[in-house]
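Down below is the structure, laid out as structure tokens.
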Ligand code: CIR
């Protein structure tokens, strides 16, 4: 897929009040702001026109815009985030998405819940993560939308897995039929038939990488993964993500790409 645009939201000064399970200490706001600015520049270097939304102090997690929508060429689907404190983020970004030129805009409805971080696009197929945030109704609604749009979808249940917030915390599709995936998940039947780059536990956070046109955005600090990507002729673009990691956020969550 060739992307031309991205939507991001600047982290708010109350970013540290967001949800987190990481025991890495409180994020430094100034540094988060700088890392975010560098992330936006990286998207521009990959050829994207970036819409930068202002910080929204009502929602400390709102810099993680990916969770509020699932975007395809045929439709945008507004989600219904599983965490109560994040529910209002969808309305806050809906106007931007409605103005994005999508042929249609659909919504996940009650009692469904769904976070965009659980949804992994793999060409004409989607992996739908069933997680503590995205429930069966939410995943089922999205699956029906996607099938009506001509995609196929399969569910990956991560509810019993330890220390994984969203499906895309543990897998990324980087094109060329290649999945980056946590070692512990690599043998799932859903992932057979793909080239797998297995990520060991000491590099788990790195698995949330993002293919953007010619480059793969990867968090700094995961030498085995980076070397493996280079070895397979991908072009890793390394980004400091320390302050977002403290809030359980990865590279993919910081933007909506389309
Ligand atoms: C949360 O717990 O919802 C945020 N602190 C982090 C969300 C990260 N989003 C993502 O992985 N897609």
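The values are calculated or read from the model by the stated rules, or taken from the named source; none is laboratory data. Here the structure is a predicted model, which means the values were calculated and not measured. Please note: Cβ atoms are built from the backbone with ideal geometry, for glycine as well, and neighbour counts cover all protein chains shown.
Condition check: surrounded by 15 or more Cβ atoms within 10 Å (Cβ to Cβ) and either within 16 Å of the ligand (Cβ to nearest atom) or farther than 20 Å from residue 113 by Cα (or both). Does residue 146 satisfy that? Taking the combined requirement at face value, the residue does not satisfy it. The residues listed here are 69, 76, 16; of these, the one that is within 16 Å of the ligand (Cβ to nearest atom), within 17 Å of the chain's Cα centre (by Cα) and at pLDDT 95 or above is 69.
Filtering the range 210-253 to residues that are more than 23 Å from residue 81 (Cβ to Cβ), in a loop (DSSP other than H, G, I, E, B) and in contact with a strand residue (DSSP E or B) (Cβ under 6 Å, 6 or more places away or on another chain) leaves 220, 234, 235. Checked against the criterion of being within 16 Å of the ligand (Cβ to nearest atom), in contact with a strand residue (DSSP E or B) (Cβ under 6 Å, 6 or more places away or on another chain), over 27 Å from residue 80 (Cα atoms) and not in a loop (DSSP other than H, G, I, E, B), the range 166-178 has no qualifying residue. Only residues that are within 16 Å of the ligand (Cβ to nearest atom) and in contact with a helix residue (DSSP H, G or I) (Cβ under 9 Å, 6 or more places away or on another chain) were counted across the range 98-129, and they come to 13. The residue list 37, 42, 55 contains one member that is in contact with a helix residue (DSSP H, G or I) (Cβ under 9 Å, 6 or more places away or on another chain), surrounded by fewer than 21 Cβ atoms within 10 Å (Cβ to Cβ), outside any strand (DSSP E or B) and modelled with pLDDT of 95 or more, which is 55.
Of the set (1) buried (at least 16 other Cβ atoms within 10 Å of the Cβ); (2) touching a strand residue (DSSP E or B) at 6+ places or on another chain (Cβ under 9 Å), all apply to residue 86 but (2). Taking the residues in the range 179-209 that are assigned to a loop (DSSP other than H, G, I, E, B) and over 13 Å from the mean Cα position of the chain (by Cα) as candidates, determine which candidate is surrounded by the most Cβ atoms within 10 Å (Cβ to Cβ). Applying the filter and picking the extreme gives 186. Selection of the range 213-247 for residues being within 16 Å of the ligand (Cβ to nearest atom), under 16 Å from the mean Cα position of the chain (by Cα) and buried (at least 22 other Cβ atoms within 10 Å of the Cβ) yields 217, 218, 219, 241, 244, 247.
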